[in-house]
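These notes are about the structure you will find just below.
The values are calculated or read from the model by the stated rules, or taken from the named source; none is laboratory data. This one's a predicted model, so the numbers in the text were calculated from it and none came from an experiment. Every residue, glycine among them, receives a Cβ derived from its backbone with ideal geometry; neighbour counts consider all protein chains shown. Ligands, DNA and RNA are excluded from the accessible area calculation, which covers all protein heavy atoms including side chains. Shrake-Rupley method; radii C 1.70, N 1.55, O 1.52, S 1.80 Å.
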Amino acid sequence: MKLTVFGIGYVGLVQAAVLAEVGHDVVCVDVDAAKVERLNQGFIPIFEPGLEALVRDNHAAGRIVFTTDASMAVKHGEIQMIAVGTPQGEDGSADLKYVLSVADAI
């Protein structure tokens, strides 16, 4: 299945790597061009046991791709997943502005 994951932080990157490992074609999209470039070069910005090998092997196999091109990512995915930050608002509630921004893009 072709999947798109918006956000390549702790949740999105791990989710995408596992989905690629079980055979799905995953496009990961993020607004941080430097992070995307580092991932495409093989640098994993977080530590999670086994994650580096999952990302490296699936990227080499073409099952996981990193991009800043939201339009391409939306066209790719039969399923769109949103894994962007929800920082705490002043009143303690989740600030959904990033989630809503991705939803608008989709």
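Per residue, the stretch 2-105 exposes 57 Å² of accessible surface when a 1.4 Å probe is rolled over the protein heavy atoms with every protein chain present.
Give me the percent of the accessible area of the chain that comes from carbon and sulfur atoms, probe 1.4 Å, all protein chains in place. Write out the running numbers ahead of the final one.
Working: 3340 of 6090 Å².
Solvent-exposed carbon and sulfur of the chain make up 55 percent of the total.
Across the stretch 5-20, no residue has a backbone nitrogen under 14 Å from the label position 7 Å along the beta-carbon direction of Q88. Annotation: for a label point projected 7 angstrom from Cα along Cα→Cβ of T68, residues of the stretch 1-32 with backbone N closer than 11 Å are 30-32. Under 16 Å of direct C-alpha separation, and excluding same-chain neighbours fewer than eight residues apart, K2 reaches these lysines: K75.
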